[in-house]
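Worksheet for the structure shown next.
The values are calculated or read from the model by the stated rules, or taken from the named source; none is laboratory data. Computed from a predicted structure; not experimentally measured. Methodologically, a virtual Cβ is constructed for each residue, glycine included, from the backbone with ideal geometry; neighbour enumeration extends over all protein chains shown.
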Amino acid sequence: MPIIPIPRRVRSFHGPHTTCMHSACGSTNTSKLVRTKYNNFDLYLRSRCMYSFLRFLLYFGCSLLTSLLWVSLSALFFLQYISVRVLLRLQYKLSVMLLLLGHRRLDFGVLNDLIIYSMQITMFLVGGLGWCFMVFVDM
């Protein structure tokens, strides 16, 4: 009976650390290691290649996702910048027209503050996602 409970599959698998596990955990009457038709190094290489491939797919997918988000947020920031210029021009023209007609001017302060805050948040997101994208590219 092993000191550390090892499942049956682990005890029957002859990997690179099996002898260490048997010598550390096994008692004197444990089954001896038998030769299998598989080479241990081949099994190690197959699992290592699969792990490397899955890790590559994970990092590549994350970098694609962050790059797409970065491009979309950059386009949103560009549209916000253009729309601010257009809205300020329209606000100016509307204020002049209302003053000429004798009405009091409208207060666009809250609207302008919301637009500026949204542009700042978008700029922070563009910077952060750009950093994340570069981290995934470097990996």
(request) Working carefully through the options Leu54, Leu69, Leu79, find the one that is closer than 22 Å to Ser118 by Cα and within 18 Å of the chain's Cα centre (by Cα). (result) Leu69
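Rundown of residues vs (1) acidic (Asp, Glu); (2) out of contact with any strand residue (DSSP E or B) (no Cβ under 9 Å at 6 or more places or on another chain); (3) assigned to a helix (DSSP H, G or I); (4) at pLDDT 85 or above, yes/no style:
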residue	(1), (2), (3), (4)
Leu45	no, yes, yes, no
Leu99	no, yes, yes, yes
Arg104	no, yes, no, no
Met119	no, yes, yes, yes
